[in-house]
Each structure stands twice: as structure tokens, then as C-alpha cells.
Amino acid sequence: MRSMPLVVLASAVALTACGDRPARTSAAADQTASAAAAPVLPSWNEGPTRQSIVDFVERVTDPASPDYVTPAERVAVFDNDGTLWSEQPMYFQLLFALDRVRAIADDHPEWRSTEPFRAILEDDREGLAAIGMHEIMEIVMATHAGMTIDEFDAIVSDWLATATHPRFGVPYTELVYQPMLELLTYLRDNEFKTFIVSGGGMDMIRSFAERVYGIPPEQVVGSAGELEFSLVEGVPTLTKTPGINFVDDKAGKPVGIRRFIGRRPILASGNSDGDLQMLQYTAPGDRTAFGLMVHHDDGDREWAYDRDSHVGRLDVALTEAPERGWTVISMKNDWSKIFPSPDLP
């Protein structure tokens, strides 16, 4: 939970037990009351979208409600690309992988005549636009194989610290959505356990998810390559090897949820047809659950795209959402702020 630092909680407990310190007890109580009075979802505009989220959370957390769900069963899953952070002009993990292809291309002369690597090295925009999730995983596996997990984490950390977005000119981790950060916090404050379930590479997301989203690595489910364990001069080592172990996209998402989480979520949020099966599994309409779709319809502050987009296509899920009773977020109308930085929209 992120509602209050552990030091404050520990101090409040200690002060309650000590009757000879009334002034400090009062200060702790004031701080607790202030935290409780903090506005809920402040970057969400008042309206039916925000209210539907609050109503659902209140229903499942009220022991007197017929829809009450025990804390152990309050599992919420979120897609990453386009749901928790931006995904245009192409998936950020793909941009990272493209940089890796260029960086090590001299070691792989065969790439100049092999797709999708040829399109990358020749900056073939049409070819790049046609790259799908399986091609992305092929690129990721090819560029990451042979390195240890520690080496990979270091490369990712360096890229996230130095690479900047082509439109906004800021590090990619600054393009997370402020309203979704607030939603994650709100859910955790109400004893939900929050997970990322992404089609992107699991190891890359795990390298920054706790720092950026407050989601620890063990609560990140994603696509994964093969790993090999060995003792290198007596040191236990995990090395990334060629091959795809699991693709956590489309129908793979419910499988990943079952395989790695083990509980069926009661809240799922996505933004594309790649998330459709995850929402169908979570909120089919015959159980207490909540489906939430992010609709990118703000071309001024971010991007506007849906049914015809090569990245984050939202077509079938957009049609099915009202039929299933899922809530659709309009970024333009429902969010007063998009990104956390005061220098960004």
C-alpha cells in the first residue's frame, strides 16, 4: 500500500500506546485524518466513468454489501502499453529493442537480409508498421540472448535513463498516466493486490515496475524468453537464451493469469483488442467484476486512435465493451491531467 509511510504507521501505533505523550498522539491523528481526507482520484473528472470505479470499489469492500469480496480475492490486473503508459509512435519496449538491434548489428551481418531486422536497419517505416507481437518477441529474444539477467537489467536501466521520447523529449518513464497511478494507489488503499499482465517482455517491465508503478516484480506477468541456470565460477547465474517461453497476449493473458497469479481477477483494465480475452475472462457479466478500457481519443494532449491503428488497435473490444457493461475511459473527457510532470499535458 502507498497510503502512508511505514514510519508514520509505526509512530502512530507507538504513540497510541503511550498515554504520556498527548501532543505527539494528536499530531499523528491529524496526519492520519489528513491522509484519509485526501481527494480520491484527483486527476479524474467528475462523471459516470470516475463514479463507476468508486461505486465498484465501495461495493466490493463494504462487508454489508451483497457484492462484498474478501481482501484475499481483490485481484486487479492491468495491461501496460497504452494502459499504464503511452505506446505511440510504437511500443516503447520495441523502441528499446530497435536500439539494441542497431547497437549490435555488426555482430550479425545476416540481419541485413532477414526480416524484421532488415526493416529496422534500413528504417523501413512500412515494414516496421507491420511488426506484430510475435515479431517483437523475435527481435527481443535475438537481441537479448546470451546475456545474464543482471547484464540485461543494467542495459535497460541505462536506456531508460538516457533515451527520450521523439515527441515529448522526456524519458519514457515520465509518460506514465497520472490518473492510472492514482487508480493503482486507490485500489491498494482498499486492499486490492495490483498486477501487470502485459504482452510486452516480462523482464523489462519488472526492471522498472516497482519504482514507477509501485508494483513489485513478482506481480508482473508478461511475455518471456527462455532462461538457463548455471554456476559461473561458482556463482549462481541466470542467462537469457534464444527461444520464446510464453507469449502473454490476447488469449495468452487469461492463461498467464491462471498460471502465474492463480486467482481470477475482479478488475481488469486494458486499451486494445490484445486485452479483450483478459477482460472477457475477468468480467464476462455473470460475476461481481469490473472491466475498464482506456480509449485514446485525445489527439491534442496524447494521441487519438482506435479501430484502424497499427499500434494498440481497439476495434472488437470497443464494440463489445457496452454489451458487456465494461466502462470505457475517454482520455479527453475523463482525465484532467495525462502525465505526472507539470511540464507535460
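No value in this document is a laboratory result; all are computed from the given coordinates. Since this is a predicted model, take the numbers as computed values, not measurements. When we count neighbours, we look across all protein chains shown, and the Cβ atoms used for this are built from the backbone with ideal geometry, even at glycine.
Among the listed values [x] 171; [y] 141; [z] 345, the one matching volume of the Cα convex hull per residue in Å³ as calculated from this structure is [x]. Near H165, the amide H atoms lying under 5 Å from its own belong to V170, Y172; only residues 5 or more places off or on other chains count, and H is placed 1.01 Å from N. Relative contact order of the range 92-159, taken over Cα pairs closer than 8 Å and 6 or more residues apart, is 34 percent.
Compared with the direct C-alpha span, the chain from N190 to R125 gains 18.9 nm at full extension, assuming 0.36 nm per residue. Taking only the Cα atoms of the range 216-332, the radius of gyration and Dmax are 17.9, 59 Å.
Within the range 43-109, the GluC sites (Glu not before Pro) that combine a DSSP coil assignment with at most 11 other C-beta atoms in a 10 angstrom radius are E46. In this entry, the range 92-159 is assigned a mean projected area of 4.5 nm², taken as a quarter of its C-alpha convex hull surface.
Proximity of backbone amide H atoms, modeled 1.01 Å from N, is registered between F339 and Q178 at under 5 Å, excluding neighbours fewer than 5 places apart on the same chain. Ordering V176, V220 by the number of other Cβ atoms within 10 Å of each residue's own Cβ, fewest first, gives V176, V220.
Taking amide H positions as modeled 1.01 Å from N, with prolines and chain starts lacking one, the residues under 5 Å from N271 and 5 or more places away or on another chain are V294. 3J(HN,Hα) along the range 100-107: 5, 4, 5, 5, 10, 4, 4, 7 Hz, from the Karplus curve 6.51 cos²θ - 1.76 cosθ + 1.60 with θ = phi - 60°, whole Hz, x for Gly and Pro.
Here is the list for the range 213-267: GluC sites (Glu not before Pro) lying in DSSP coil, each with at most 14 other C-beta atoms within 10 angstrom of its C-beta, are E233.
Note on the range 237-276: the alpha carbon radius of gyration divided by the globular reference 2.2 N^0.38 Å gives 1.45. The 3J(HN,Hα) values that the Karplus relation (6.51, -1.76, 1.60; θ = phi - 60°) gives for the range 156-167 are, in residue order, 4, 4, 5, 5, 5, 7, 10, 6, 10, 6, x, 8 Hz. Gly and Pro appear as x.
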